Structures are given as structure tokens and as C-alpha cells.
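What follows is a set of notes on a single structure, which appears directly below.
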Amino acid sequence: MKTALPCLVTRLENTNELRFATLPATIHAAGFPVRKWNREQAGIEDVSKIGLKGSPTAVSKVFGPTPRDEKAEMLEFDASSLRDVSLKLLHEIFARHPTLEADLLMETAS
């Protein structure tokens with residue numbers, strides 16, 4: 001995925017089940033050094049302008065979402081193009097929620 005900055009990417013907690021790296025990939029990653037940066041190396045001139053306190057927005061509360069009862073489901077499609085996958089995904093969504101398609105069409109008509 002590519003986009004211009006600034007951008008906001010969000011996701012719901014438990015959107016997907018955790019997938020763990022394979023043992024060879026974990027061993028390979030363990031060989032890389034961890035870089036530690038100080039304020040100067042990171043290019044931070046004024047620490048009051050970073051983090052939650054430095055946010056230009058008015059943050060009144062920070063919280064995690066409440067856990068959902070339903071679990072995320074991984075759908076697999078045998079399709080060669082993004083268009084085919086998108087159409088199959090929409091078909092699956094409309095099959096599970098029969099009134100959704102009509103509701104969306106009503107909203108766009110008004």
C-alpha cells in the first residue's frame with residue numbers, strides 16, 4: 001500500500017489472528033542489531049512537541065476498544081486479479097447480510 005503523508009491507518013483490535021514468523025525467519029531476525037537513538041539522532045529539537053502531550057489535536061481520552069464476541073475470519077479466494085477478489089468479497093458480504101446491498105442502493109439514490 002502506498003499513500004501520501006500525512007495519512008491515518010486504523011484497525012480494530014482482534015481484526016485478524018496473530019501470525020507468527022517461522023523459526024528460520026525468527027533466527028534470521030535475531031541476528032540484526034537493535035538501533036537505539038537518542039533525541040539528537042532522531043532529529044527531535046523540542047521534546048514538548050512529540051508524543052501525546054505534543055499532539056496538535058485535543059486528546060481527551062486514550063483507551064482500547066472493548067473486545068468483540070465475533071472473531072475475524074480469513075477468507076481465501078482463488079482469483080487471478082484484484083477485481084475478481086473484490087467482486088467475490090462483495091458477493092460474500094452481501095450473502096451474509098442480505099439487506100445491506102438494498103440499503104446501500106437506497107442511500108446512493110437519495
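With Cα atoms defining each centre, segment 15-40 and segment 42-71 are spaced 23 Å apart in the structure. Applying 1/(1 + (r/R0)^6) with R0 = 25 Å to the Cβ-Cβ distance of residue 68 and residue 97 gives a FRET efficiency near 0.95. Taking the longest Cα principal axis of the chain as reference, the axis of helix 82-96 is set at about 70 degrees. Calculated from the structure at hand, volume of the Cα convex hull per residue in Å³ is found among [x] 263; [y] 178; [z] 90 as [x].
Taking each of 36/61; 2/53; 49/71 in turn, the alpha-carbon distance tops 32 angstrom for 49/71.
With the helix formula -39500 (n - 2.57) applied to DSSP H stretches of n ≥ 4, the chain reaches a computed 222 nm mean residue ellipticity of -9000 deg cm²/dmol.
Coordinate-derived values only; no laboratory data. Fair warning: this is a prediction, and the values are worked out from it, not measured in the lab. No Cβ is skipped: glycine too gets one built from the backbone with ideal geometry, and neighbour counts run over all protein chains shown.
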